[in-house]
């Protein structure tokens with residue numbers, strides 16, 4: 001191949017090897033499994049209970065202490081870098097995440113806290129490999145964790161428990177770990 005453009009310094013051999021590599025990369029065995037991007041990455045679901053509420057009414061807003069907690073959560077939520085933020089239909093969950101949502105210019109998805117299995121299916125189908133933050137309720141937090149595949153026993157959140165959150169890590173093989181953490185110390189104002 002004297003005088004050919006590929007002749008200089010054996011570069012024609014490198015070109016031929018590159019072409020074989022490209023063809024090899026493009027070939028796919030007929031029985032290969034195609035996985036959507038990100039399915040081997042664990043899914044992380046972080047469940048917060050809404051902050052302190054004003055009363056025991058069904059759709060009560062947050063108390064002043066609850067608003068203070070919501071403001072104090074902004075750095076933690078920012079560090080968690082959620083891909084998706086979910087709140088229930090009750091105002092106290094939206095109010096709990098409102099300072100973070102304002103700070104991050106995000107809009108939450110609203111889902112019924114009575115349909116935990118539906119939310120779990122949605123997370124596992126559409127947000128696999130992502131980080132999902134959920135502001136939820138005591139009681140339904142267990143239902144959601146169970147629907148995501150976590151095994152009992154679950155840590156107990158009492159009626160006045162507002163400072164804990166759960167991190168569920170769901171591996172590609174479906175194995176789920178649940179770790180309970182305490183929110184950063186809240187300074188009363």
If you take the residues in region 39-54 that are part of a strand (DSSP E or B) and touching a residue at least 40 places away in the same chain (Cβ under 8 Å), which one is surrounded by the most Cβ atoms within 10 Å (Cβ to Cβ)?
-> 45
Filter pass, residue 65 being closer than 23 Å to residue 144 by Cβ and in a helix (DSSP H, G or I) = no
Can you name the residue in region 134-177 that is under 19 Å from residue 60 (Cβ atoms) and outside any loop (DSSP other than H, G, I, E, B) and, of all such residues, is farthest from the chain's Cα centre (by Cα)?
-> 140
Out of 133, 176, report the one residue that is touching a residue at least 40 places away in the same chain (Cβ under 8 Å), surrounded by 13 or more Cβ atoms within 10 Å (Cβ to Cβ) and under 14 Å from residue 45 (Cβ atoms).
-> 133
Checking residue 48 against (1) touching a helix residue (DSSP H, G or I) at 6+ places or on another chain (Cβ under 8 Å); (2) farther than 18 Å from residue 165 by Cα, which test does it fail?
-> (2)
Please determine, by comparing only the residues of region 144-173 that are out of contact with any strand residue (DSSP E or B) (no Cβ under 8 Å at 6 or more places or on another chain) and modelled with pLDDT under 95, which one is surrounded by the most Cβ atoms within 10 Å (Cβ to Cβ).
-> 172
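The values are calculated or read from the model by the stated rules, or taken from the named source; none is laboratory data. Fair warning: this is a prediction, and the values are worked out from it, not measured in the lab. Positions of Cβ are backbone-derived with ideal geometry, glycine not excepted, and every protein chain shown enters the neighbour counts.
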